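Worksheet: the structure to be examined is printed underneath.
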Amino acid sequence: MHMLGVDIGGSGIKGCLVDTKTGELIGERHRIATPQPATPAAIAHTLKALVEHFDWKGPVGCGFPATIHNGIAKSAANIDKSWIETDAEHLFADVTGKPCYVLNDADAAGLAEMRFGAGKDRKGVIILITVGTGIGTAVFVNGHLLPNTELGHLMLEGMVAEHYCSDAVRKREDLSWGRWGKRFNKYLARLEFLFSPDLFILGGGSASKLEKFVDRIETRAPLIPAASLNQAGIIGAALYAAEQQG
Ligand code: BGC
């Protein structure tokens, strides 16, 4: 089955058609800059433009950077605060005219990696971490997702973890990969203490840079890059839509 998967982020809204049987992208990915301010109406209209770009007539899966409960956004750490309590699924469906299925962006990336990528056929406790503007997490136990874990908001060194070691912080503070890696190692150590995972999977932009800081990582559980790197969110969103369709 083909499905349109969309990854809604703070700087870009990216979509592609996905073969949900194989997890492969079909054709070219398309990216539109996230409108600013990124209000619900502005994002919904950008999503509509993306759907029209693909001339897509079917359902749409969307990864979204917030806690999503039954299609409703419940948090807004790095997006416009007006998202809180917005029914994203209904809004997107109204504006695009297509059924839309919305889930947390890190959960979407996790679904893709567990089905086709770095977590395929792996049992035990697996934590996928996406590092970008914020830090998102997806926790799996024997392949089952515990949704909306929000472990990027743990307190670390007296601050919210994503304010200490996100990719945005690395850039803003001009940290070397080594110095940033030391911070990230502290974050992983905290997750390891709390959850005793068997594996960490790293997604987001930093996944392709792992060799630059892997020497700073001292956790017992291995840290490996997401197999589909930055595309996992798109693939997982498409998988989610396919599942919801039944
Ligand atoms: C949000 C999460 C999201 C993560 C990555 C965090 O700030 O709270 O919901 O998964 O950023 O986008």
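The values are calculated or read from the model by the stated rules, or taken from the named source; none is laboratory data. None of the values given here were measured: they were computed from a predicted structure. Please note: Cβ atoms are built from the backbone with ideal geometry, for glycine as well, and neighbour counts cover all protein chains shown. Each accessible area value is taken on the protein alone, full model and side chains, heavy atoms only, with ligands, DNA and RNA left out. Shrake-Rupley method; radii C 1.70, N 1.55, O 1.52, S 1.80 Å.
With 5 Å bins beginning at zero, the pair-distance distribution over Cα atoms of segment 54-201 amounts to 2, 10, 17, 18, 18, 16, 10, 6, 3, 0 %.
For K171, the lysines whose Cα comes closer than 26 Å to its Cα, not counting residues fewer than 8 places off in the same chain, are K14, K81, K182, K186, K209, K212.
When each of the peptides 135-148, 232-245, 56-69 is scored by how many other beta carbons lie within 10 Å of its residues on average, the order from highest to lowest is 232-245, 56-69, 135-148. Within the straight-line cut-off of under 19 Å between alpha carbons, the aspartates and glutamates reachable from K98 are D7, D19, E52, D55, D87, E89, E243, sequence neighbours fewer than 8 places apart in one chain being disregarded. Charged side chains reduced to their Cβ positions (Lys and Arg at +1, Asp and Glu at -1) give the chain a dipole of some 540 debye around its Cα centre. If you take the Cα centroid of segment 102-172 and the Cα centroid of segment 21-88, the two points sit 18 Å apart. When each of the peptides 119-131, 19-31 is scored by the mean number of other C-beta atoms lying within 10 Å of its residues, the order from highest to lowest reads 119-131, 19-31.
Give the value in nm², to one decimal: projected area of the alpha carbon convex hull of segment 1-106, averaged over all directions. Result: 6.0 nm². Taking every DSSP beta bridge that has both ends in segment 100-246, the antiparallel portion is near 55%.
Bridge orientation summary for the chain: considering DSSP beta bridges with both residues in this region, about 60 percent are antiparallel. The HN-Hα couplings worked out from phi for segment 214-225 by the Karplus form 6.51 cos²θ - 1.76 cosθ + 1.60 (θ = phi - 60°) are 4, 5, 8, 8, 10, 6, 5, 6, x, 10, 10, x Hz, whole numbers, x standing for Gly and Pro. Computed with a 1.4 Å probe over protein heavy atoms only, the accessible surface of the chain comes to 44 Å² per residue.
The apolar share of the surface of the chain, taken as the fraction of accessible area on carbon and sulfur atoms (1.4 Å probe, ligands and nucleic acids excluded), comes to 52 percent. Note on segment 151-246: with charges restricted to the Cβ of Lys and Arg (+1) and Asp and Glu (-1), its dipole about the Cα centre is near 320 debye.
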